[in-house]
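What follows is a single structure, written as structure tokens, with notes after it.
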Amino acid sequence: MIEKYALFKVLRGLIKVNKTNSIRELSKASRVGVGTAKTCLDYLYSKNIVTKSVIGKNYIYTLNTENVLT
């Protein structure tokens, strides 16, 4: 039942892969669209659950292990 929400799918994809990922890699791992994955990752970044770094034109996201919510 909880799998129908895209935010939980993206978060689960981050936990499952457990490395640095681009938006496209995370959207494939979590089986959601690229736009949906970007919206969810922007929300998770605003809550400090993920960290974002820029390499070239790509945004690379990693799970923030220093946050108490993760």
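The criterion of at least 3 residues that are of a type in the set (G, A, S), open to solvent by less than 60 Å² (accessible area, probe 1.4 Å) and without any contact (Cβ under 8 Å) to a residue 60 or more places away in the chain is met by the following helices (runs of 4 or more DSSP H) wholly inside the chain: 23-30.
Under the condition of being over 18 Å from N64 (Cα atoms) and touching a Leu at 6+ places or on another chain (Cβ under 7 Å), the residues counted in segment 26-48 number 0.
The values are calculated or read from the model by the stated rules, or taken from the named source; none is laboratory data. Just so we're clear, the structure is a prediction, and the values are computed from it rather than from any experiment. Don't worry about glycine lacking a Cβ; one is built from the backbone with ideal geometry, like all the others, and counts go over all protein chains shown. Accessible surface is based on the protein model in full, side chains and every heavy atom, while ligands, DNA and RNA are left aside. Shrake-Rupley method; radii C 1.70, N 1.55, O 1.52, S 1.80 Å.
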